[in-house]
DNA sequence: GCAATAAGTCAATAATACTGACCTAAATAC
DNA sequence: GTATTTAGGTCAGTATTATTGACTTATTGC
């Protein structure tokens, strides 16, 4: 399945991915920690910033978490005046979320650390590296396009990202003695 | 600081990174969930597999977590017979960790899903993409080599990955209502 | 002998996210 | 025009992960 020559390289890639992601999230995490906020707050700020007038439901779908898990952090951000929540003009049930001026500023600051990190890495890796990186990461995010044969015996259902599906085939965690 | 032309691309990169990592960890997570294990168990299995006879202290350092956070998952893996713990011949204080046969099999299964995902993505992105990807990710993991001027006002200390440093300048989390 | 080191442990706490059970209000179906 | 569905919000209970802090034990190195 996997060429033995490639195996070492792919193992190195796994490790590199892990450490890179840790560094990638570290910058925003440190800024947020100073305000007592966490990674969920960051994700909310990011996606609301990207798609102003996002509905709560859409936000839940991109984040792939439950309503209850979103609730507390979102309410905090609204109470802190970083996120604005207004009713939709057409459909009175849906709430449209957008960033306040201060929200935009915080989001920009968080995102700037990540953009700087990536820009530095692309510059260091040379021209063309950004395009190649993007193409690889897009494919990874899409499940590398095809699951292919010989995949691990996992139901298509449990491959979905919903919290319920994740829970469905989980063994009860064994607590150590 | 960041070219406006680049900004959209870098924002896209942030998003791509987030979704790619979610997919990347999803495969092993689903397999582990069936046994009631989590991501820490995976990391332990991975690093012990990579460096047999790793000491507990070294493991703590790569994982950047506390002894107490490692303790329960590691003990479970030992009790389940996936990880073997033996005393060092020279220094009686240190324990040398390695995978059992079953541990090797599970680790291989977990890692295989990630290698397949990455191999597929590299193949999809064309030749040379793997090298470029590696170079970029190595730079990201190293903090993009230079922090540079105009960096966000973060102490060098809090940039370190230790749990204590992370905690040190954190505001108390505000609970909503 | 004694300080430092490696490992293991118990207790308390915090943050995150889950399930389940509700509620309100508005839109849509019949 | 009631009935159902949808969007959003909330409370309660629980599980997991990881933290700080305070120890204990055994061993090593002077």
Which numbered condition residue A:7 misses (of (1) farther than 30 Å from residue B:131 by Cα; (2) modelled with pLDDT under 90; (3) assigned to a helix (DSSP H, G or I)) = (1)
Counting only helices (runs of 4 or more DSSP H) wholly inside segment A:59-177, the ones holding at least 2 residues that are away from DNA strand D (no atom under 16 Å from the Cβ) and modelled with pLDDT of 95 or more are A:101-125, A:129-141
Hits in segment A:24-36 (condition: within 21 Å of residue B:13 (Cα to Cα), within 12 Å of DNA strand C (Cβ to nearest atom) and either within 8 Å of chain B (Cβ to nearest Cβ) or touching a strand residue (DSSP E or B) at 6+ places or on another chain (Cβ under 7 Å) (or both)) | A:29
Looking across segment B:55-72 at residues that are closer than 20 Å to residue B:87 by Cα and within 11 Å of chain A (Cβ to nearest Cβ), the single one that is nearest to DNA strand C (Cβ to nearest atom) is B:71
From the list A:93, A:105, A:39, A:75, which residue is away from DNA strand C (no atom under 16 Å from the Cβ), surrounded by fewer than 15 Cβ atoms within 10 Å (Cβ to Cβ) and either free of Cβ contacts under 8 Å to residues at least 60 places away in the same chain or facing chain B (nearest Cβ under 8 Å) (or both)?
-> A:105
Does residue B:125 qualify as being away from DNA strand C (no atom under 11 Å from the Cβ) and more than 25 Å from residue B:13 (Cα to Cα)?
-> no
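The values are calculated or read from the model by the stated rules, or taken from the named source; none is laboratory data. Everything numeric here is computed off the predicted structure, so don't read it as measured data. All Cβ positions, even for glycine, are placed from backbone atoms using ideal geometry, and neighbour counts span all protein chains on display.
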